[in-house]
Amino acid sequence: MKETLLKIREDALSAISAPDADLEAIRIRYLGKKGELTAVLRGMGQLTAEERPVIGQIANEVREAIEKELGAKAEAQKAEALNKSLIAEKLDVTVPGTAVNVGHVHPIARIQREMEEIFIGMGFDIVEGPEIEYDYYNFQALNIPPDHPARDTQDTFYISENILLRTQTSSVQARTMETRKPPIRIVSPGRVYRSDAVDATHSPLFHQMEGLVIDRGVTMGNLKGALEMFAQTMFGADTRVRFRPHHFPFTEPSAEVDVSCFACGGKGCRLCKGEGWIEILGAGMVHPNVLTMGGIDPNEYSGFAFGMGIERIAMLKYHIDDMRHLYENDVRFLKQF
């Protein structure tokens, strides 16, 4: 039995010393419940009283030797694995890092913020309103009667007979006149919806900014001064403004407003199609009917209003020739801004 125990120790230590030793398998083979050392110890009942202590001591020494060697080999394997990992995963801190793509403000949002800052500088408040709107605020309160072409279902997304997706942010002006007393000086940016086919200059969803000023003694000259200030701040100090007669149901008189081409200075180029002028917005004096429906006496107060497409300003500012670029999320396009 003594020779058997010594042979177990010799075999176990030899197995442990192997380079690719499976330590768990070795532990089970020699020290497990059904291991070789346990099998030998079960035969100790056949020994005499004098032999048992001697064999028991040898068995304990064998167990301790095997466990000690298993522990030492486990530490060695762990250290070796760590060294291999460090070699395989080493990092050269002198190598330049990979550039991280950082998001930035979309050109539409950038232009909207710039426009807001210009009008805030002129004393305007920013006011917002619901995109799902009542027919009354979107049309009736703006002097657009039921038979007006703008009510055609081909132009407007109706949810029900009296509820629709707003076609203009002018609805915010109607709401503001009900809740504020003059003097009023606001701009209302936001999304609007029209049933238009998608092409280079049209989209069923786009952004507008409407402006409204109401006070005693407001004139067309005040409107021209405010729009000149906006145009010169947005497009350059040499920009000129031109008013052309037009018709809008909610303003009288009404005008379409052009700015001198900031690319050619009015000489004529591809951007302005050789005309020297670029249309940017519609404007006019608030119609007396609109003031009356808003609870404001047109005999005491007057006002002006204007509206412009934010996409159009962005396209002019950045020389973009197709509105669809602003919505296609092409990273190559967006990186330019």
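The values are calculated or read from the model by the stated rules, or taken from the named source; none is laboratory data. Keep in mind it's a predicted model, so treat the numbers as computed, not measured. Quick reminder, even Gly has a Cβ in these numbers, built from the backbone with ideal geometry, and neighbours come from all protein chains shown.
Couple of notes before you dig in:
- Of all residues in the range 233-280, those that are touching a residue at least 40 places away in the same chain (Cβ under 8 Å) and β-branched (Val, Ile, Thr) total 4.
- PRO182 vs. criteria in a loop (DSSP other than H, G, I, E, B) and in contact with a Phe, Trp or Tyr (Cβ under 7 Å, 6 or more places away or on another chain): yes
- Tally of residues being among the charged types (D, E, K, R), in a loop (DSSP other than H, G, I, E, B) and free of Cβ contacts under 8 Å to residues at least 12 places away in the same chain across the range 281-336: 4
- Taking the conditions (1) in contact with an Asp or Glu (Cβ under 7 Å, 6 or more places away or on another chain); (2) over 14 Å from THR4 (Cβ atoms) in turn, TYR30 satisfies each one other than (2).
- Boolean, THR176 is in contact (Cβ under 8 Å) with a residue 24 or more places away in the chain, of a type in the set (Ser, Thr, Tyr) and more than 30 Å from ASP322 (Cβ to Cβ): yes
- Some residue of the range 90-102 being within 30 Å of PHE235 (Cβ to Cβ) and exposed (fewer than 12 other Cβ atoms within 10 Å of the Cβ): yes
- Complete set of residues in the range 59-85 that are at pLDDT 80 or above and either aliphatic (A, V, I, L, M) or within 30 Å of LYS335 (Cα to Cα) (or both): ALA65, ILE66, LEU70, ALA72, ALA74, ALA76, ALA79, ALA81, LEU82
- Restricting the first member to the range 121-135 and to residues that are farther than 11 Å from SER171 by Cβ and free of Cβ contacts under 8 Å to residues at least 60 places away in the same chain, and the second to residues that are of a type in the set (Gly, Ala, Ser) and in a loop (DSSP other than H, G, I, E, B), no beta-carbon pair is closer than 9 Å while six or more apart or on different chains.
- Of the residues making up the range 163-207, those that are within 18 Å of ASN143 (Cβ to Cβ) and not acidic (Asp, Glu) number 15.
- Flag if SER203 is polar (S, T, N, Q), out of contact with any Ser or Thr (no Cβ under 9 Å at 6 or more places or on another chain), surrounded by fewer than 20 Cβ atoms within 10 Å (Cβ to Cβ) and in a loop (DSSP other than H, G, I, E, B): yes
- Residue count for the range 72-118, restricted to those that are under 21 Å from the mean Cα position of the chain (by Cα) and closer than 30 Å to LEU205 by Cβ: 16
- Residues (touching a strand residue (DSSP E or B) at 6+ places or on another chain (Cβ under 6 Å) and among the aliphatic types (A, V, I, L, M)) located in the range 286-315: VAL286, ALA305, MET308, ILE310
- Flag for LEU86 being assigned to a helix (DSSP H, G or I) and farther than 30 Å from GLU10 by Cα: yes
- The conditions of being touching a Gly at 6+ places or on another chain (Cβ under 9 Å) and surrounded by 19 or more Cβ atoms within 10 Å (Cβ to Cβ) are not met by ILE313.
- On the stretch given as the range 136-166, residues that are touching a residue at least 40 places away in the same chain (Cβ under 8 Å) and charged (D, E, K, R) total 1.
- With respect to (1) hydroxyl-bearing (Ser, Thr, Tyr); (2) touching a helix residue (DSSP H, G or I) at 6+ places or on another chain (Cβ under 8 Å); (3) over 17 Å from GLU116 (Cα atoms), the lone exception for SER188 is condition (3).
- Condition check for ARG191 on (1) in contact (Cβ under 8 Å) with a residue 60 or more places away in the chain; (2) of a type in the set (D, E, K, R); (3) buried (at least 16 other Cβ atoms within 10 Å of the Cβ): one failure, at (3).
- Yes/no for VAL218 being in a strand (DSSP E or B), β-branched (Val, Ile, Thr) and at negative phi: no
- Output for the range 145-173, where each listed residue is within 19 Å of LEU281 (Cβ to Cβ) and at pLDDT 90 or above: ARG166, THR167, GLN168, THR169, SER170, SER171, VAL172, GLN173
- Test: residue in the range 18-30 that is in contact (Cβ under 8 Å) with a residue 40 or more places away in the chain and assigned to a loop (DSSP other than H, G, I, E, B): yes
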